[in-house]
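Colleague: Following this message is one structure expressed as structure tokens.
The numbers here are math on the coordinates, done by the rules we state, and not lab data. Source: prediction; values computed, not measured.
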Amino acid sequence: MVENNPLCHNTEKSSKKRGSVYRRLIFWFVISALLPLAIFSWFSYLQATNSLKNAANEELLQSATLNRKFITTWFDYRFMDVSIQAESYSNVELLQMLSKTGSKECAISKLYRTDYLG
């Protein structure tokens, strides 16, 4: 008898409609909450990516500058060492002795004997 009762049948339709409206409202509330969150997350991701790229570029630039300065300083000191050695009297004597004697081995052994062995 309940099945033939139009009032009972009507309440089932209204509960289905209410459930359907409820689901639609929940769906749109979730979408309206997640959409701004997704947009904000995307812009935040882009900003973080750009910040990290800029920081990496700055760090690489500083590292390259420091390496360039180190290499330049190293070569400057080597050129100073060569200049000092070129002006050294003992090195000048050695070169003169080597140029006067035809044999390099004789000159070096003679110099070694006189300087180091006494």
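Colleague: 5 Å is the cut-off here: which amide hydrogens, built 1.01 Å from N in the peptide plane, fall below it relative to THR101, excluding neighbours closer than 5 in sequence?
Modeller: none
Colleague: Kindly give the semi-axes, whole Å and largest first, of the ellipsoid equivalent to the stretch 37-89, taking each as the square root of 5 times a Cα gyration tensor eigenvalue.
Modeller: Semi-axes from the Cα gyration tensor: 51, 4, 4 Å.
Colleague: Run the numbers for PHE29 and ASN54: contour at 0.36 nm per residue of separation, minus the present Cα-Cα distance, in nm. Display every interim value, and only then the final one.
Modeller: On the way: separation 25, 0.36 × 25 = 9.00 nm, distance 3.82 nm.
Net length gain for the segment: 5.2 nm.
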